[in-house]
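Visitor: This is the structure I want to talk about, given as structure tokens.
Derivation of every value follows stated rules applied to the coordinates shown; laboratory data play no part. Note that the structure is a prediction, hence the values are computed from the model and not measured. Cβ placement follows ideal geometry from the backbone for every residue including glycine, while neighbour counts extend to all protein chains displayed.
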Amino acid sequence: MIRIHFVILLFLISYSPLFAQKVQEVQWIDAIELGVKGQGWKTLLHPYDRLPEHAKGKVRTKVWNLSESTAGMYLHFYSNSPLIKVKYQLRFNNHLPHQTDVNTKGVDLYIKEGETWQWAGASKPYSQDVETTLIGDIPTQWREYKLFLPCYDGIAFLEIGIENGTEIKPFDSSEYAYQPLVFYGTSIMQGCCASRPGLISTNRINRQLPAETINLGFSGNGRMETELAELMAEIQASCYIVDCLPNLTPEQVKERSLPFVKYLRKLKPNVPIILVGEPGSQQKWVKDEAAMVNQLKNNYLRETFTKLKLEGYSQLYYVNGEDLIGTDHEATVDAIHYTDLGYSRYTENILPVIQKALDQKSSN
């Protein structure tokens, strides 16, 4: 028995340099050098904020705090490395009881295969400091990657690891066919309750259209505020998608939707605006009050849309909310927040409207 232990010890000692060499084969690149995408501004208090420095004090504190999460932000790059690793530190190490930690504070990797994006790997954030291999042991050849960042936490720093001797190159944003798509909304827009970041609506759309996507979803705080319209107008966008009904009462929809759209259009007269209705509580089939509230909100938003169209507003679109995520009531976690099925159905319904808006804008 002693002899066996001695042989094992000799084996470990003799091979330890090989193991050490394997660890040293990874080179780390600061993600900032690759160009973080999904941000509408360059002047930031923190490199992974979603709102610019001058928004602090202009928007409500809750909105500002939520903007420190990296929802919808991503890296877009090429590499010929046979492995992709990540090393990052979370700013807050949040945990939400109704969604996975992978979605809250994990990163999600996709590889382009032909004309489609295929899932490749995601991190499991066991602690505030994360280091993991997202994918390894793949043939050494050039590939195109997208790495989607956490939906409900912030990033203090992020590094990408590739094998020594291989390369990594940022995607040039000028290659996108369209200017950025700007999404403004609620916790659903921010990505609440998806299983991982790549499956939220804005990131699904990001993989479908050749455009940068900017996620201005603020949990509980998508309220059609003029301050947000002003900030949105600072972005050279190809289209604005406004989906705020879940955070508004019927009376607020009636009071705010018309002036909000008029103000945004005044600031950006040539950019399409898409208004999105609300599916409402998925208990509405058995709760009369929930059904009534949902109907009122959708009616008021539709009235705003109709009024503006009658006034001659062009490049204005409306997405019906009643069947946005289906009618079987199977697409939410808690009657409101979408599961992966809900985000899939949402994307299927809204994507053709976005494409139509982009096509009609191009033809004008």
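Visitor: Near Asn221, within a Cβ-to-Cβ distance under 10 Å, what is the net charge of the other residues, with Lys and Arg +1 and Asp and Glu -1? Kindly include the intermediate steps, with their values, before the conclusion.
Guide: On the way: positive: Arg60, Lys62, Arg223; negative: Glu225.
Once all neighbours under 10 Å are counted, the net charge is +2.
Visitor: Which whole-number percent is the relative contact order of the range 26-173 (Cα, under 8 Å, 6+ apart)?
Guide: 38 percent
Visitor: How far is helix 288-310 tilted off the main Cα axis of the chain, in degrees rounded to 10, range 0 to 90?
Guide: Tilt of helix 288-310: around 70 degrees.
Visitor: What angle, in degrees between 0 and 90 and rounded to the nearest 10, separates the Cα long axis of helix 250-267 from the longest principal axis of the Cα atoms of the chain?
Guide: So the inclination is approximately 80 degrees.
Visitor: While we're on this one: In the range 176-363, what % of DSSP beta bridges are antiparallel (nearest 5)?
Guide: 5 percent
Visitor: Which of the GluC sites (Glu not before Pro) found in the range 150-258 are loop residues per DSSP with 15 or fewer other Cβ atoms within 10 Å of their Cβ?
Guide: Glu167, Glu234
Visitor: Further question on the same structure: Taking only the alpha-carbon atoms of the range 127-282, what semi-axes of the equivalent ellipsoid follow from 5 times the gyration tensor eigenvalues under a square root, in whole Å, largest first? Walk me through the numbers before you get to the answer.
Guide: Values: eigenvalues 235, 75, 33 Å².
Values for the range 127-282, descending: 34, 19, 13 Å.
Visitor: If each residue of separation counts as 0.36 nm, what is the full-extension length gain between Ser314 and Gln208 once their alpha-carbon separation is subtracted?
Guide: Contour length minus Cα-Cα distance gives 35.6 nm.
Visitor: How big is the charge dipole of the range 176-363 about its Cα centre, in debye rounded to the nearest 20, if each Lys and Arg gets +1 on its Cβ and each Asp and Glu gets -1 on its Cβ?
Guide: 500 debye
Visitor: Moving on. How big is the Cα convex hull of the chain in projection, averaged over all directions, in nm²?
Guide: For the chain, averaging the hull's shadow over all directions gives 22.1 nm².
Visitor: Between Thr306 and Glu230, what is the FRET efficiency for a Förster distance of 30 Å, r being their Cβ-Cβ separation, to the nearest 0.05?
Guide: 0.70
Visitor: Any idea what diffusion coefficient the range 47-145 gets from Stokes-Einstein, in µm²/s, Kirkwood Rh on alpha carbon pairs, 37 °C, 0.692 mPa s?
Guide: So the translational diffusion coefficient is about 212 µm²/s.
Visitor: Simple spin-label model, 7 Å along Cα-to-Cβ: Trp142 to Gln118 in nm?
Guide: Distance between the two pseudo-spin positions: 1.9 nm.
Visitor: Rounded to the nearest 5, what % of DSSP beta bridges with both residues in the chain are antiparallel? All intermediate terms of the calculation are to be shown ahead of the outcome.
Guide: Numbers: 38 of 56 bridges.
In the chain, DSSP labels about 70 percent of beta bridges as antiparallel.
Visitor: Now for a separate question. Have a look at the DSSP beta bridges in the range 38-133 and tell me what percent are antiparallel, nearest 5.
Guide: Around 90 percent antiparallel, to the nearest 5.
Visitor: First select every other residue whose beta carbon is under 13 angstrom from the beta carbon of Leu308; then total the charges, Lys and Arg +1, Asp and Glu -1.
Guide: Its environment carries a net charge of +4.
Visitor: Which semi-axis lengths, in whole Å and largest first, follow from the square roots of five times the eigenvalues of the Cα gyration tensor of the range 317-361?
Guide: They are 24, 10, 7 Å, listed from largest to smallest.
Visitor: Let me ask something additional. Taking only Cα atoms and a 10 Å spring cutoff, compute GNM fluctuations for the chain and point out the largest among Ala177, Ala194, Ala211.
Guide: Ala177
Visitor: Can I ask one more? Between Gln252 and Asp334, what is the label-point separation in nm under the 7 Å Cα-to-beta-carbon projection?
Guide: Here the modelled spin labels are 1.7 nm apart.
Visitor: Can you give the relative contact order of the chain as a percent, counting alpha carbon pairs under 8 Å and 6+ residues apart?
Guide: 16 percent
Visitor: Just to be sure I understand: if I project the alpha-carbon convex hull of the range 187-227 onto a plane and average over all orientations, what area do I get in nm²?
Guide: For the range 187-227, the mean projected area of the Cα convex hull comes to 3.3 nm².
Visitor: Angle between the Cα long axis of helix 2-24 and the longest principal axis of the chain, 0 to 90 degrees, nearest 10?
Guide: 50 degrees
Visitor: Could you compute how fast the range 176-363 diffuses translationally, taking Rh as the Kirkwood radius over C-alpha pairs and applying Stokes-Einstein at 4 °C with viscosity 1.567 mPa s? Give it in µm² per second.
Guide: D, rounded to a whole number, is 79 µm²/s.
Visitor: Another question, if that's okay. For the range 26-57 and the range 199-218, what is the separation of their C-alpha centers, rounded to whole Å?
Guide: 17 Å
Visitor: With each label point set 7 Å from Cα along the Cα-Cβ vector, what nm distance links Lys262 and His98?
Guide: Result for the modelled spin labels: 3.5 nm.
Visitor: Near Ala156, within a Cβ-to-Cβ distance under 14 Å, what is the net charge of the other residues, with Lys and Arg +1 and Asp and Glu -1?
Guide: On the way: positive: Lys87, Arg91, Lys105; negative: Asp30, Asp49, Glu68, Asp129, Glu131, Asp153, Glu159.
It works out to a net charge of -4.
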